[in-house]
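Got a structure for you, written out below as structure tokens; questions coming shortly.
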Amino acid sequence: MMERVALFIALTMLIGCGGCNETKRSELAYLWGEQGKYPKRDSILASQPLQQRLQAVLGGRYETYMTNWDAEGPLTPKEQTLFAEGCVSHFCDEYGSAFYVDLAKDELMALMRIKYKVEVFREGEGSIDALPEDVREWVRDNEVMQGDTDPEPPAEESTGAFDWKVWEDAPDDWKNGLKKIKANKKMTVYDQAEQAANMPCNVRLARCDLNGDGQLGTIVTYSCGFWCGQLGCAFNVYEGGRRISLVDVIDEVRPGKGGVISSKGVLLKLKKY
């Protein structure tokens, strides 16, 4: 009889402790059902508690983290982990953000790439020398450092504003300078702009010395269906054998020191072509 009672008590304890050896379910486990979706487009980055935990781990850098998340890839699963990344359109090698979730440990890691340097912000313990495979692939050969949650990088200062003129009203010397610059193998920038203006397309020009060398560069923008996309319209700069080409919200782009400041606040410098 006593043996039966002891066996009954033992079984009761085992049943009551059925979850004793189970790993506590991560509060980020809901993200597993979001795999394949796009974090910013599908509002995953704004979901809770992911957003709260990103804000906590990033501190004062959260706003920059979100600003640099523009173009993006889908939320990707691997065993018990999830990874997602975003970047500044046209400049993904220089500016981007990502997050990595380990569901087994209920740990979140946020990453920021700024000018070829990667900062790592993690909830759990761990060295920046021992990063998961997905994270190492994203870091590539960039320098890696512990993330600093306190200072927000200073915003790039604008050096002025563009004085726009529509193609029809722009001075001839502005236009004629574009006849010497190749847009592609078949057309000069002048030919391209003239063709676009006749589509019709809203072609605008501005002159500005971005390099500070006394030479005025020419900015050409195109606002029409063929030249515009989800992120904005074509914005091209030509100055002294250098250029900048991007797609952006035209009226939010400003002149900066050595280049232009995008609508995201990123300084894009003139490069040789």
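The values are calculated or read from the model by the stated rules, or taken from the named source; none is laboratory data. Remember, it's a predicted structure, so these values are computed and weren't measured experimentally. A quick note on method: Cβ atoms are made from the backbone with ideal geometry, for glycine too, and the neighbour counts reach across all protein chains shown.
Which one is surrounded by the most Cβ atoms within 10 Å (Cβ to Cβ), of the residues in segment 22-60 that are in a loop (DSSP other than H, G, I, E, B) and in contact with a strand residue (DSSP E or B) (Cβ under 6 Å, 6 or more places away or on another chain)?
The qualifying residue surrounded by the most Cβ atoms within 10 Å (Cβ to Cβ) is PRO39.
Just give me the residues in segment 74-86 being loosely packed, with under 15 Cβ neighbours inside 10 Å and part of a loop (DSSP other than H, G, I, E, B), in sequence order.
GLU79, GLN80 - these are the residues of segment 74-86 that are loosely packed, with under 15 Cβ neighbours inside 10 Å and part of a loop (DSSP other than H, G, I, E, B).
Mind counting the residues in segment 102-135 that are charged (D, E, K, R), touching a Gly at 6+ places or on another chain (Cβ under 6 Å) and over 14 Å from GLN80 (Cβ atoms)?
The total comes to 2.
Residues checked against (1) touching a residue at least 40 places away in the same chain (Cβ under 8 Å); (2) surrounded by fewer than 18 Cβ atoms within 10 Å (Cβ to Cβ); (3) touching a Leu at 6+ places or on another chain (Cβ under 8 Å):
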residue	(1), (2), (3)
MET145	no, yes, no
TRP167	no, no, yes
ASN176	no, yes, no
LYS182	no, yes, no
GLU194	no, yes, no
PRO200	no, yes, no
LEU210	yes, no, yes
ASP213	no, yes, no
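Scan (1) surrounded by 15 or more Cβ atoms within 10 Å (Cβ to Cβ); (2) free of Cβ contacts under 8 Å to residues at least 60 places away in the same chain for the single condition TYR238 breaks and write down its number.
(2)
Select from segment 87-126 the residues that are assigned to a strand (DSSP E or B) and either among the charged types (D, E, K, R) or without any contact (Cβ under 8 Å) to a residue 24 or more places away in the chain (or both) and write down the one among them that is surrounded by the fewest Cβ atoms within 10 Å (Cβ to Cβ).
Filtering segment 87-126 for residues that are assigned to a strand (DSSP E or B) and either among the charged types (D, E, K, R) or without any contact (Cβ under 8 Å) to a residue 24 or more places away in the chain (or both), the one surrounded by the fewest Cβ atoms within 10 Å (Cβ to Cβ) comes out as LYS117.
Would it be correct to say that ASP148 is in a loop (DSSP other than H, G, I, E, B) and under 19 Å from ARG53 (Cβ atoms)?
On the way: in a loop (DSSP other than H, G, I, E, B): yes; under 19 Å from ARG53 (Cβ atoms): yes.
So ASP148 fits the description; yes.
Output the residue which, of all residues in segment 81-95 that are of a type outside the set (A, V, I, L, M) and at pLDDT 95 or above, is nearest to ARG140 (Cα to Cα). Can you show your working first?
Here is the first cut: in segment 81-95, the ones of a type outside the set (A, V, I, L, M) are 81, 83, 85-87, 89-95.
Among the residues that remain, those that are also at pLDDT 95 or above are: 81, 83, 85-86.
Values: THR81: 19, PHE83: 15, GLU85: 14, GLY86: 15 Å.
Residue satisfying both the conditions and the ranking: GLU85.
Working only within segment 1-16, note down all residues that are surrounded by 10 or more Cβ atoms within 10 Å (Cβ to Cβ) and either hydrophobic (A, V, I, L, M, F, W, C) or modelled with pLDDT of 95 or more (or both).
Hits for segment 1-16 are ALA6, LEU7, PHE8, ILE9, ALA10, LEU11, MET13, LEU14.
Can you tell me which residues in segment 239-260 are touching a Leu at 6+ places or on another chain (Cβ under 7 Å) and closer than 14 Å to ASP209 by Cα?
Across segment 239-260, the qualifying residues are GLU239, ARG242, ARG243, ILE244, PRO255, GLY256, GLY258, GLY259, VAL260.
Is it the case, given these coordinates, that ARG242 is out of contact with any Gly (no Cβ under 7 Å at 6 or more places or on another chain) and either at pLDDT 95 or above or hydroxyl-bearing (Ser, Thr, Tyr) (or both)?
No: the conditions fail for ARG242.
Yes/no matrix, rows are residues, columns are (1) assigned by TED's automatic domain parsing to the domain that holds VAL247; (2) at pLDDT 95 or above; (3) within 30 Å of GLU125 (Cα to Cα):
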{"site": "ALA155", "(1), (2), (3)": "no, no, no"}
{"site": "SER158", "(1), (2), (3)": "no, no, no"}
{"site": "PRO171", "(1), (2), (3)": "yes, yes, no"}
{"site": "LYS185", "(1), (2), (3)": "yes, no, no"}
{"site": "THR188", "(1), (2), (3)": "yes, yes, no"}
{"site": "GLY217", "(1), (2), (3)": "yes, no, no"}
{"site": "GLY225", "(1), (2), (3)": "yes, no, no"}
{"site": "CYS228", "(1), (2), (3)": "yes, no, no"}
{"site": "GLY232", "(1), (2), (3)": "yes, no, no"}
